[in-house]
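Engineer: Take this structure first; my questions come after.
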Amino acid sequence: MNFAKLLVIRYFTETLGMKYAGEDGDVLWFEDGLNKVAVKVYLDEVYEEAELYKRAGALLGLSAAKVYLAVLPDAVPFIDTRYFKGQGVGLVVVDPSRGLEGVDVKIFAKPRQIHAAAANAGRLAETLRADLQSYIDEQMKRVESSLYERLKRYVDQRLEELRRPAAAMPPPQPQTASRAEARQEAAQDRASSIVQNEWVRILRSKAGVQGA
Amino acid sequence: MIADAYRLKYTFGIDYGTSYTKYGPITLSEPRVVHTRGLFLRDLPESVKMRIPSEVLSRGIVVGDEEVRNYLSSVRDVQRNLKYPLRDGIARKDDDDAWKVLRELTRYSLAQFPVSDPDFNGWLVSSALSALAPDYMYKALFDIFTELAGEIKIYAVTVVPQPLAVAIAENAVNCIIIEGGHGNIQIAPISFALIREGLVALNRGGAEANAITREILKDMGYSDIAREEYAVEIIKRAAGLVPRNLKDAIRVAKSNPERFVTKVKLSPVVEVEFTKEYAWARFMIGEIIFNPNHEEIKSYIDQSRIRIENAVIGDITLYGEMDLASAVITSLRSVSVEIQERVASQIILSGGALSWRVPSGLEDVAVDSVTKVKVMLDERNPELASRTGVRIVSEPQHSAWRGAVIYGYALPLSLEWSDSAKEGWYFVHGSRT
């Protein structure tokens, strides 16, 4: 996948917290809660003004709650911000040389009314049914997993009670080793969850800012 | 040169809460917890002095739950000598006793983790303080660490505001943190850092819910129990309800009071009953935290000694009567318009005052804090509510400590403490080695 496109996906998912829903041609689809967000990527070496506005216009035809056009910094001179703001189209400028920090939302998209008129009642009912079904499935899974957890806890507790008399005897060597390993694993998990925290990256970047 | 591996071992977090101090190194999965209080060993009979270790006696103060209990009965005037140093997370500048307790608590926390590693150069201490803490608290805290560095190895110290620490623990970069404490509620917008201009504080919290519980108990004929703070706290937790809508909830509770009658057992011999006549009053206990502007609550306030009014700490006004949804909107208005939507995308609730449960069978009228905030926002600004996700932190007691240690691990050591930015490391030996 194109690196700049990858940066756009990372920015929309990691920084803006949206869910990546896939791509369709040169349009990347994200889910922001229940709303769909479309980002059309136009990352060419040479930009044509007419083509730029053609693509921005094409975005308006998509059934998305918000639409963005992602371009490289070379396209900026051709951008008429009044047009983008007027149409409610968002603008993302990607500078791949600066990595994730090179992704900048210059204009935030305005929320749009999706043309619901086209959707007939039947389709609406079907969508509703599908949503309801997925919600019920999700809830069922949750109940199942909580039941499983409770059952597991109960079984573990009973097993622990059975083991307790045996605990009076000196514990066999391998078990001690496995416990130490488990402790080490837990410590490693903790460390990796700390290192992967988004704030670690943000705070670390302050060193560069101060040095500049 | 301090490597990451070192920081993953020797970063130490201390969260100075009004009621509890949470502390421990980064390697712990959960912090140790101790009451934020100290007992001054004054007015001791000579016979008691003889059995107290001389180093304890020379310091004249003990901290730690077990240690305080050991000496509590020996001190003649407990009221005067048992000191809670923080009120609403703040220690007064001229309150010498408070600062003595905080110094002793800090020493106590660090001393529990002796290190024999020859490569140990000292702790990187990350302390979490109230976002309302005035500048002198930062300075006084650094003085404490500088003083302690003589006996405990400390490399550097930093301070992180508690709401930011909560956001870090929740891995939320853009959000609004609502921290509901005993004395106040803080609404703090976060976007890659704490936006101090947007900080809004409310001068009410768990203490006001306790106060109205006390008044209800008095009306129900339990004046003796109402005097005990401990009992009032238990009753509030067990019987208090947060209504989806106060008027509707009271109407339902008055028309069908049997559903809302409850008993709270305090001990094998003491039980409090919310009878049919007072069952509806359970909703006022929860509502006062979220919105005190109701006739029903006001009439209780007028008859009682509860005071809900504005207060000022440093340059921040703590609003008494502002409802929680208005506070969120006021806070958001101080945030740059460009990032408002991003900041408002998630609201994270934290703290004991926002921890409410819904008894089964009452779901039609009672709600938890998350739902209550959503409902209130929807009433005030449906557009904002539709774009905002509300959730509560997974570990309300530990999240500020967890955030503090992650902050301590991540903050670059090249960043020296700046009084204006309130950020960076304070190197206790003056300059970096």
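Engineer: Can you name every residue in segment B:286-304 that is in contact (Cβ under 8 Å) with a residue 40 or more places away in the chain and among the charged types (D, E, K, R)?
Structural biologist: B:287, B:296
Engineer: Quick check on my filter: what residues within segment B:322-362 are open to solvent by 30 Å² or more (accessible area, probe 1.4 Å), without any contact (Cβ under 8 Å) to a residue 60 or more places away in the chain and in contact with an Asp or Glu (Cβ under 8 Å, 6 or more places away or on another chain)?
Structural biologist: B:357
Rundown of residues vs (1) farther than 21 Å from residue B:194 by Cα; (2) not assigned by TED's automatic domain parsing to the domain that holds residue B:236, yes/no style:
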{"position": "B:316", "(1), (2)": "no, no"}
{"position": "B:332", "(1), (2)": "no, no"}
{"position": "B:353", "(1), (2)": "yes, no"}
{"position": "B:356", "(1), (2)": "yes, no"}
{"position": "B:363", "(1), (2)": "yes, no"}
{"position": "B:411", "(1), (2)": "no, yes"}
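Engineer: A follow-up question, please. Among the residues of segment A:55-68, is any over 20 Å from residue A:32 (Cβ atoms), hydrophobic (A, V, I, L, M, F, W, C) and not in a helix (DSSP H, G or I)?
Structural biologist: no
Engineer: So which helices (runs of 4 or more DSSP H) stay within segment B:92-176 end to end and still have 3 or more residues that are away from chain A (no Cβ under 14 Å)?
Structural biologist: Helices (runs of 4 or more DSSP H) meeting the threshold: B:96-111, B:135-148.
Engineer: For segment B:184-202, enumerate the residues that are part of a loop (DSSP other than H, G, I, E, B), in contact with an Asp or Glu (Cβ under 9 Å, 6 or more places away or on another chain) and at pLDDT 90 or above.
Structural biologist: Matches in segment B:184-202: B:193 only.
Engineer: Would you confirm whether any residue within segment B:61-77 is aromatic (Phe, Trp, Tyr) and assigned to a loop (DSSP other than H, G, I, E, B)?
Structural biologist: Checking segment B:61-77: not a single residue is aromatic (Phe, Trp, Tyr) and assigned to a loop (DSSP other than H, G, I, E, B).
Engineer: From the list B:58, B:47, which residue is modelled with pLDDT of 85 or more, open to solvent by 50 Å² or more (accessible area, probe 1.4 Å) and not in a loop (DSSP other than H, G, I, E, B)?
Structural biologist: The unique qualifying residue is B:58.
Engineer: I'd like to know if segment A:114-123 contains one or more residues that are at pLDDT 85 or above, of a type in the set (A, V, I, L, M, F, W, C), open to solvent by 50 Å² or more (accessible area, probe 1.4 Å) and assigned to a helix (DSSP H, G or I).
Structural biologist: No, segment A:114-123 contains no residue that is at pLDDT 85 or above, of a type in the set (A, V, I, L, M, F, W, C), open to solvent by 50 Å² or more (accessible area, probe 1.4 Å) and assigned to a helix (DSSP H, G or I).
Engineer: Check residue B:295 against each of (1) surrounded by fewer than 17 Cβ atoms within 10 Å (Cβ to Cβ); (2) in contact with a helix residue (DSSP H, G or I) (Cβ under 7 Å, 6 or more places away or on another chain) and name the one condition it does not meet.
Structural biologist: Looking at each condition in turn, residue B:295 falls short on (2).
Engineer: Can you tell me which residue in segment B:373-406 is nearest to the other protein chains (Cβ to nearest Cβ), limited to those that are more than 20 Å from the chain's Cα centre (by Cα) and within 15 Å of residue B:323 (Cα to Cα)?
Structural biologist: So, considering only residues that are more than 20 Å from the chain's Cα centre (by Cα) and within 15 Å of residue B:323 (Cα to Cα), the one nearest to the other protein chains (Cβ to nearest Cβ) is B:374.
Engineer: Could you list all residues from segment A:41-58 that are within 25 Å of the chain's Cα centre (by Cα), open to solvent by less than 40 Å² (accessible area, probe 1.4 Å) and not hydrophobic (A, V, I, L, M, F, W, C)?
Structural biologist: A:42
Engineer: Something else about it: Looking at segment A:82-100 only, could you name the residues that are touching a residue at least 60 places away in the same chain (Cβ under 8 Å) and out of contact with any Phe, Trp or Tyr (no Cβ under 6 Å at 6 or more places or on another chain)?
Structural biologist: A:94, A:99, A:100
Engineer: State the number of residues belonging to segment A:160-210 that are in a helix (DSSP H, G or I) and either at pLDDT 70 or above or at the interface with another protein chain (Cβ under 7 Å from one of its Cβ atoms) (or both).
Structural biologist: Total meeting the criteria: 30.
Engineer: Which of (1) modelled with pLDDT under 95; (2) more than 14 Å from chain A (Cβ to nearest Cβ); (3) open to solvent by 30 Å² or more (accessible area, probe 1.4 Å) is the odd one out, the single condition residue B:428 does not satisfy?
Structural biologist: Every condition holds for residue B:428 apart from (3).
The values are calculated or read from the model by the stated rules, or taken from the named source; none is laboratory data. Keep in mind that what you see is a predicted model, and the values were worked out from it rather than measured. Please note: Cβ atoms are built from the backbone with ideal geometry, for glycine as well, and neighbour counts cover all protein chains shown. The protein model used for the area step is the full one, side chains on, heavy atoms only, and it has no ligands, DNA or RNA in it. Shrake-Rupley method; radii C 1.70, N 1.55, O 1.52, S 1.80 Å.
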